[in-house]
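The structure appears below as structure tokens.
The values are calculated or read from the model by the stated rules, or taken from the named source; none is laboratory data. Please read these numbers as outputs of a predicted model, since none were measured by experiment. Ideal geometry is used to build each Cβ from the backbone, glycine not excepted, and the neighbour counts take in all protein chains shown. Just so you know, the surface numbers come from the protein's heavy atoms only, side chains and all, with ligands and any DNA or RNA stripped out. Shrake-Rupley method; radii C 1.70, N 1.55, O 1.52, S 1.80 Å.
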Amino acid sequence: MIQLRLPQQQCITAIMDTLRRVWSALVVMPTGTGKTVVISQVVKMATKGRVLVLAHREELISQLAGTIQAQGVEVGIEMAEHYAEERFWDKPQVVVATVQTLTASDARRLKALVDKPNEWALTIFDEAHHAPAASWRQIADHMLHNDNHKVLGFTATPDRADEMAMGSVFEEVAFNYEILDAMHDGYLVPPKVKYVAVESLDYQHVRTKAGDLAGSELAKVMEDERNVQGMAVPMYQEATGPWNVVFCATVAQAEDIAMVLNRLEPDCARVVHANTEKPERRRIFQEFDSGDIKFLVNVAICTEGWDCPNVRMVVLASPTKSRAKYVQMVGRGLRPLPGLVDHSSSTSDSAEARRAAIAASDKSSCVILDFAGNCGKHKLTSMADILGGKWPEEVRARADELLKEGEYEDVEEALEEADEQLRAEAERAKRDAIAKKQKLRAKVDYSTRSYDPFDLLDIDPMRDPNEENASEAQIDFLRKFGVDATEMSKRQANKFQRDIYRRKSNSLCTLKQARWLKTFGYSGEETFDQAKAILDREFAKKRGRR
């Protein structure tokens, strides 16, 4: 019997409640919080028909099949040379399959497996952020020939770099459990972020394609020898022991980084990528798990379907704008050591006790080693974005600055400090604005009392009561130049307008400048540049006497 954690129990309840109301639902759970266990329990509870569980990697298929079988449920595998229904009279209750297998050759194997959709009650998408893709949708559409069929998806993050809508597949989010929630509950270790500044790293000329940095252009940056050296040496120096996983953008970059690492310490690094033969890949993973090699340098292999709780440092040598990709990478290092937080059969263990157990363990945190370069117009995803989802954008950006400056390694502390700084700055700005407004008001009051516009142009302020009042257009025009014409006649306003045009055409000082020049004993007929120089000098004298 699996002893379910409280969040897992809450998740299962939320799934059942949601699927009673809608035909499809999504579950958001970070890596390391027992998603596969939840899937096995949901499958076990599905008694109204058969269940199809979909993934897109062999490693994920093996994990899912093994965990479900451990619950006493018969499982068939539909993948490559494996066929789930080898015995016609003994169909398994659950089939775990790869998307590639079912959709190849015009979906021949999907149609053969699901020839009677009414037999199937539920389809589960693992790593469901792939679900909007055409191949995944093809399977969902086929299964939904059964009007009573339900669709359930699991993912660590619902974000997609290409911005394709998850809502096109899933009606509701049944359960949302974030990395920060799991950290506070004592099920994940806290990350410690270390930024390394590499001056030669420059992403500003790399274009964005499908929501992320364009691969071919990024490759040129990441494979540059200066950048390889600039990243490999710091990651070697920051590693305190084995179990360091490195995420690279290209195979060439990964091989060059491994070469530098192996020069620094012979046989400390191995490379895995899509073209690594499966037996060789398994051997490398085994060596890494046992601590025989120090660095596992990979390209898009360790993001999904691979778990190693011993990982002590995650090295991000592959910059990304994709939140989903970033979460997948850092998630590989946030699992606590095996058995540490599930040592008791009681579900009453407190979050505080679990956090204390993690803090006292050999893996009290996981280092996230990130490389800072010239991002230009790009906003790359950071750990502050992942843990700061409930904070405003400006707080996350300031926290990322604090992390890059090396003042903090704890992301939550950086977020709290950033929030305090921004609040203090806003309060200071508010006080300064009030003080400036009060000072401005005092100046305006003074100038209003001391300045008579008619004195400036020697215009008789008296007017014939029968004269036509200044027009609205004149009043609006003169207001822009600091002259109140509301009580003027049209004749008086015309004189001011003519004087303004005269000053402009002869490059003379403005009316406002002339007003101040006269208070300092000047004629008010100086040029604009002369007036500026005189007033700057006179105001400087006044400030010096205060």
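At-a-glance table
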{"read-out": "Residue list for the stretch 354-396, restricted to those being assigned to a loop (DSSP other than H, G, I, E, B) and hydrophobic (A, V, I, L, M, F, W, C)", "value": "ALA360, CYS375, LEU380, TRP391"}
{"read-out": "Scan of the stretch 186-215 for residues that are over 23 Å from the mean Cα position of the chain (by Cα) and among the hydroxyl-bearing types (Ser, Thr, Tyr), ordered by number", "value": "SER200"}
{"read-out": "Matching option when the condition is at pLDDT 85 or above and either among the charged types (D, E, K, R) or surrounded by 18 or more Cβ atoms within 10 Å (Cβ to Cβ) (or both), among ALA219, ALA156, ALA161, ALA174", "value": "ALA174"}
{"read-out": "ARG503 open to solvent by less than 40 Å² (accessible area, probe 1.4 Å), part of a helix (DSSP H, G or I) and modelled with pLDDT of 85 or more", "value": "yes"}
{"read-out": "Any hit, the stretch 357-366, residues being of a type in the set (Asp, Glu) and at pLDDT below 80", "value": "no"}
{"read-out": "Cβ-Cβ under 8 Å pairs, at least 6 apart or on other chains, the stretch 253-266 side surrounded by 14 or more Cβ atoms within 10 Å (Cβ to Cβ), far side in a helix (DSSP H, G or I) and of a type in the set (D, E, K, R)", "value": "ASP256/GLU225"}
{"read-out": "Complete set of residues in the stretch 48-77 that are open to solvent by 50 Å² or more (accessible area, probe 1.4 Å), without any contact (Cβ under 8 Å) to a residue 60 or more places away in the chain, under 22 Å from ASN118 (Cα atoms) and not acidic (Asp, Glu)", "value": "ILE77"}
{"read-out": "Residues of the stretch 231-259 classified as in a helix (DSSP H, G or I) and either over 31 Å from the mean Cα position of the chain (by Cα) or of a type in the set (Gly, Ala, Ser) (or both), total", "value": "5"}
{"read-out": "Pairs, first closer than 22 Å to ALA493 by Cβ in the stretch 511-524, second open to solvent by 70 Å² or more (accessible area, probe 1.4 Å), C-beta under 8 Å, six or more apart", "value": "LEU511/PHE481; LYS512/PHE481; GLN513/PHE528; GLN513/LYS532; ALA514/GLU525; LYS518/ASP455; GLY524/LYS518"}
{"read-out": "Filter result for LYS437 (assigned to a helix (DSSP H, G or I), at pLDDT below 60 and either among the charged types (D, E, K, R) or open to solvent by less than 100 Å² (accessible area, probe 1.4 Å) (or both))", "value": "no"}
{"read-out": "Out of ALA514, ALA533, sole residue that is open to solvent by less than 70 Å² (accessible area, probe 1.4 Å), under 15 Å from GLY482 (Cβ atoms), at pLDDT 85 or above and small (Gly, Ala, Ser)", "value": "ALA514"}
{"read-out": "GLN286 being free of Cβ contacts under 8 Å to residues at least 12 places away in the same chain, over 19 Å from the mean Cα position of the chain (by Cα) and either buried (at least 16 other Cβ atoms within 10 Å of the Cβ) or part of a helix (DSSP H, G or I) (or both)", "value": "yes"}
{"read-out": "Test: residue in the stretch 396-413 that is surrounded by 10 or more Cβ atoms within 10 Å (Cβ to Cβ) and more than 27 Å from GLU238 (Cβ to Cβ)", "value": "no"}
